[in-house]
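The values are calculated or read from the model by the stated rules, or taken from the named source; none is laboratory data. These figures come from a predicted structure and were not determined experimentally. FYI the Cβ positions are ideal-geometry reconstructions off the backbone, even for glycines, and counts take in every protein chain you see.
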């Protein structure tokens, strides 16, 4: 069996010439950059006051909402917000709660009173403790222990905030985009009403075609995150369609990755424009 | 009154306990308590921005689900509707299928055309009757064409017009077959559509007979251009006399016979239809609806000739089936609409509020909650104003005491006579608050919410600004009570609620990431939380 090996190399930056016009106003800063000297502004997350000047403390994009200035970091641990959907892994079992690892600064807690069933969970952020740890709950039937599937880890800042995070893709798989950067791919369940949201995890073998679709999707997600493309259902779908021309294992090769990403970006720009 | 116990929709019975402390009440009182008329329950459900934003944050719930469960929708009687819907669905599935082959292929469109024609004609007739000229035309002696369950395009002459303007009836002499004089009892045959639209007049095959009947407006399908000279009283008297059993076999009087002969002659002279009065040209009705209605009617009548299905041998039977199926379908559609989301009474207000939220950028166009929206979720009252103030940085130039004084406008709802003395910075702050409130009020008005901008701005009253400012700076309670004419209890209550508002602003500052504002709010809270205003109450926890 032939094996291909590549040495790590610098990613080539892909830019689309004509489309940069609407992205010129992105104000990128690094820690220590002065954002403004105007004192009329409120300072938000990611900034600090350095003798009357508003300075950035993280590397990212400046966001202005009326008189509030904050910096959204490009790479960060997950900061919980109430109402977010996250995918986590149970790391500890304590007396009345589970500790869940969710790629944030502190482990999240899942209280016994917040679950319908035991196990490793897909959960929703219920509240945030003052130190930043999030408290989860899995009250609705949509949430719960996840069955067979694939976990993909990306940076939390790449997941776009949307109305719904559960997507059934037309190519035959389903996707859960957790706000914490953990993405779960799984085969679309056959019958539409899944009983009890996970008491019963089916251990039936998944068909080969479904497995191929999921593998291709996983490689697409890795390609998208390597090139820092915002992840949401449309972008993932376009990337999947662009990758159909290649073999699944070729998607991870840098030059093919660039091709696919270029095509995806173009289609996304057309969609907006 | 005792019928109020129990949970709405869940319990079938409830328990009421009447506690008699000073002896049992007398019978009259007890009777009123148990069986008297209770106060009418009215839903106080209000759609607030906070509620909408909180529900939008959670994926599992929709705002329409919440609205549907409120008491204000209780009148919708969804269970009865659901039952009827399933009944109708069953009926629909058991109806015989339609045969739409060959000549009958345009049966459905024919049905729709006929229905539209009928509706247009009815509305035109109503317009005719409401007009002065129309009423003048429908006077004694006018020949009309009668079309109802009993008579089919039969000629009649008007004898009397009732005075009742709401339900005008016309007594008329109509020619008919011998033996068909009595009115058909059931109204249902009136409602059934005649499948074929034709204008051929009815000519009796046997000996001509007549009947005098009271007609409603729907029975008169057209007003002809002819009038007859008749003596209405004689005709009516004669007819009524012959209705009595003693005179039943008498021959009809001369007036009646002449009139009947005239009508018959008219019918035979114009077998294919007689000229009728045109609403636009003859009756001079110039309204836009009337003119358009007449044109549409003509178009529809012309198009009827082009349909093939009327020539099919099984036409009448198939038409009846179509009619049955369509009426069930229409009822089903109406009920489905009533139980659906579209008929919620609060739905238009919900859409208006979402528009306001989108315009202020609290939610984006897809419905995902933005930073401003997340801040507004923390605030329980006057959420829009407070969030806008936060993001406009109004509180930063003010000292903690001044910001507490400024925020007192959110909790104080009374009018005062004494104007407070306010410092300049505070006055600027007040002006800014009023500007923001004006902006929000106008935006709400533009999006359709039924509250004027002035009403919105007038909600915020600054009567307690001086009082709170002095209290926060440490003045004793006895002195601040003298500064204003507001009662002491109101002052205490307002300052307590102000403390809660400050806590909410502190939460909001934490979400936004501004620690300066957070600490300022905390200092303000400490400044007002002292002394008699915050002493623990003897009555509450």
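In segment A:4-49, which residues are surrounded by 12 or more Cβ atoms within 10 Å (Cβ to Cβ) and at pLDDT below 80? Those that are surrounded by 12 or more Cβ atoms within 10 Å (Cβ to Cβ) and at pLDDT below 80: A:11, A:14, A:16, A:19, A:39.
Scanning segment B:339-378 for residues that are in a loop (DSSP other than H, G, I, E, B) and within 14 Å of another protein chain (Cβ to nearest Cβ) returns B:360, B:361, B:362, B:364, B:365, B:366, B:367, B:368, B:370, B:378. Given the condition within 13 Å of chain A (Cβ to nearest Cβ), in contact with a strand residue (DSSP E or B) (Cβ under 9 Å, 6 or more places away or on another chain) and either in a helix (DSSP H, G or I) or under 12 Å from residue B:400 (Cα atoms) (or both), answer yes or no: does some residue in segment B:520-527 qualify? There is no residue in segment B:520-527 that is within 13 Å of chain A (Cβ to nearest Cβ), in contact with a strand residue (DSSP E or B) (Cβ under 9 Å, 6 or more places away or on another chain) and either in a helix (DSSP H, G or I) or under 12 Å from residue B:400 (Cα atoms) (or both). Within segment B:230-254, the set of residues being under 53 Å from the mean Cα position of the chain (by Cα), touching a residue at least 24 places away in the same chain (Cβ under 8 Å) and closer than 17 Å to residue B:175 by Cβ comprises B:230, B:232, B:235, B:236, B:239.
Which residues, taken from segment B:410-447, are within 40 Å of the chain's Cα centre (by Cα) and part of a loop (DSSP other than H, G, I, E, B)? Answer for segment B:410-447, where residues must be within 40 Å of the chain's Cα centre (by Cα) and part of a loop (DSSP other than H, G, I, E, B): B:411, B:412, B:413, B:414, B:415. Scanning segment A:62-76 for residues that are within 23 Å of residue A:154 (Cβ to Cβ) and surrounded by fewer than 16 Cβ atoms within 10 Å (Cβ to Cβ) returns A:63, A:72, A:74, A:75. In segment B:489-508, is there at least one residue being farther than 14 Å from residue B:403 by Cβ and within 14 Å of chain A (Cβ to nearest Cβ)? Looking for residues that are farther than 14 Å from residue B:403 by Cβ and within 14 Å of chain A (Cβ to nearest Cβ), one finds at least one in segment B:489-508, hence yes. Answer yes or no as to whether residue B:336 is surrounded by 20 or more Cβ atoms within 10 Å (Cβ to Cβ) and either without any contact (Cβ under 8 Å) to a residue 60 or more places away in the chain or part of a helix (DSSP H, G or I) (or both). So residue B:336 does not fit the description; no. Only residues that are under 12 Å from the mean Cα position of the chain (by Cα) and not in a loop (DSSP other than H, G, I, E, B) were counted across segment A:56-88, and they come to 4.
Inside segment B:369-398, residues that are more than 18 Å from residue B:436 (Cβ to Cβ) and free of Cβ contacts under 8 Å to residues at least 24 places away in the same chain make up a count of 1.
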